[in-house]
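Worksheet: the structure to be examined is printed underneath.
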Amino acid sequence: MELKILEKNEFNLTFQISDISIEMINALRRIMMSWIPCFAVDEVIILKNDSTLYDDILAHRIGLIPLKTDLEAYNLPEDCECGGTGCPQCQVSLTCEIQNDSNDILTIYSGDLETNDPNIVPTSPNIPIAEIGKDSGLTFEAYAILGRAKDHVKWQSVSNVFYRKKPIIEFDDSKCKGCPDKCIVSRMCPEKLFEYSDNSSPTLKKDAWQKCTLCKSCEDNCPNDAVTIGSEDNAYIFYIESDGVLTFKTIIEKTFEILDDNIVEFSEKLETVEIE
Ligand SMILES: [Zn+2]
């Protein structure tokens, strides 16, 4: 297996992966999507709600706020010594107590939540929760626990994860000479991978294969058949988008740990089954 990072920033990781089957790469995608635990609010006690939102809508909004997660310091409720009833090893509390004494409408943001663990905080302080008017208040206690997205999407540790086959773009610009069309390909490509000005032949951008979505609009529309789009066998470009609840390093390490655990569990269960 070969792995090469193509792009990495705070919220996106793109890498090329070769010599891997589609079944294996899809297993990795599904684990990242559904199995990696992260924190989300699971219980809200609303003591005062003068906003225009019903209590259940407010609780739903609080549940969807992404929280930075420390997987080393906390247990999943089902694995905790407390049996899941809630203790400092499996639960974090977030409180909010705000009274609006001004004449203006006040917006309450995720940054207004106070937590009992400074490591477990909203990934952004700018997520609006509710608005309250003059002489109004909002007071609630919320309890966050670790969970998995296979049980509820609020525990999804990545915003998006997908892959596509590695494109092979073959472009023969010698076929462009005398083309009556003002390069329809450069206009059709949704990723604008072809550069064209009136007095020159079109050129294919360097590293266009990293951005190509394999839509084949170039191949289908070029009147001179100058472009051919194919894809490489067993080579993929893998994209992970994160909202910051976990680092990319943790996401990838955890993915392989869960894959190993699932394989071990499967083989153990297989031994207990009589296969005729
Ligand atoms: Zn516990």
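Kindly state, to the nearest 0.05, the FRET efficiency for residue 270 paired with residue 72, given R0 = 51 Å and r defined as their beta-carbon distance.
Plugging the Cβ-Cβ distance into 1/(1 + (r/R0)^6) gives 0.95.
Run down the lysines and flag those whose C-alpha is under 22 Å from the C-alpha of residue 134, throwing out any fewer than 8 positions away in its chain.
Excluding near neighbours in sequence, the set is 48.
How high is the relative contact order of the stretch 159-224? Use alpha-carbon pairs under 8 Å, at least six apart in sequence, and give a whole percent.
About 40 percent, as a whole number.
When the Cα centres of the stretch 35-77 and the stretch 84-162 are compared, how far apart do they sit, in Å?
A separation of 6 Å, based on Cα centres.
Could you tell me what percent of the accessible area of the chain is made up of carbon and sulfur, with a 1.4 Å probe and every protein chain present?
That share works out to 47 percent.
Test of understanding: what is the full-extension gain from residue 160 to residue 148, defined as 0.36 nm times their sequence separation minus their Cα-Cα distance?
2.8 nm
At 0.36 nm per residue, minus the direct Cα-Cα distance, what do residue 30 and residue 2 gain on full extension? Give it in nm, one decimal, please.
Between residue 30 and residue 2, full extension yields an extra 8.0 nm.
Can you list the lysines whose alpha carbon sits under 27 Å from that of residue 269, skipping same-chain ones fewer than 8 residues off?
Result set, ordered by chain and number: 150, 254.
So for the stretch 19-161, averaging the separation of alpha carbon pairs under 8 Å that are six or more residues apart and normalising by length, what relative contact order in percent results?
Relative CO of the stretch 19-161 lands at 39 percent.
Given R₀ = 30 Å, what would the calculated FRET efficiency be for residue 235 paired with residue 203, taking r from the Cβ atoms and rounding to 0.05?
So the FRET efficiency works out to roughly 0.75.
Alpha carbon centre of the stretch 217-259 versus the stretch 188-205: separation in Å?
Taking the Cα centre of each part, the stretch 217-259 and the stretch 188-205 sit 23 Å apart.
With contacts defined as alpha carbon pairs under 8 Å and 6 or more residues apart, what's the relative contact order of the chain in percent?
The normalised contact order for the chain reaches 26 percent.
To the nearest 0.05, what FRET efficiency results for residue 19 and residue 116 with a Förster distance of 41 Å applied to their C-beta separation?
Efficiency for this residue pair is about 0.30.
Along the charge dipole of the chain, which of 139, 273, 5 sits closest to the positive end, that is, farthest toward it, with unit charges on the beta carbon of Lys, Arg, Asp and Glu (+1, +1, -1, -1)?
The residue sitting most towards the positive pole is 5.
To the nearest 20 Debye, how big is the dipole of the chain about its Cα centre, given +1 on the beta carbon of each Lys and Arg and -1 on that of each Asp and Glu?
1400
Ignoring everything except DSSP H segments at least 4 long, calculate the 222 nm mean residue ellipticity for the chain; use -39,500 (n - 2.57) per segment, divide by total residues, nearest 500.
-6500 deg cm²/dmol
At 7 Å along the Cα-to-beta-carbon direction for both residue 263 and residue 214, put a label point, then send me their distance in nm to one decimal.
Here the answer is 2.5 nm between the modelled labels.
Compute the length gained on full extension between residue 187 and residue 101: take 0.36 nm times their separation in residues and subtract their Cα-Cα distance, giving the result in nm to one decimal.
25.4 nm
Counting only heavy atoms of the protein chains, get the accessible area per residue of the chain (1.4 Å probe) and round it to a whole Å² value.
Value for the chain: 58 Å² per residue.
Are there cysteines in the chain with no second cysteine's Cβ under 4.7 Å away, and if so, which?
38, 96, 176, 179, 183, 189, 212, 215, 218, 222
The values are calculated or read from the model by the stated rules, or taken from the named source; none is laboratory data. Just so it is clear, the model here is predicted, and its values are computed rather than measured. FYI the Cβ positions are ideal-geometry reconstructions off the backbone, even for glycines, and counts take in every protein chain you see. Ligands, DNA and RNA are excluded from the accessible area calculation, which covers all protein heavy atoms including side chains. Shrake-Rupley method; radii C 1.70, N 1.55, O 1.52, S 1.80 Å.
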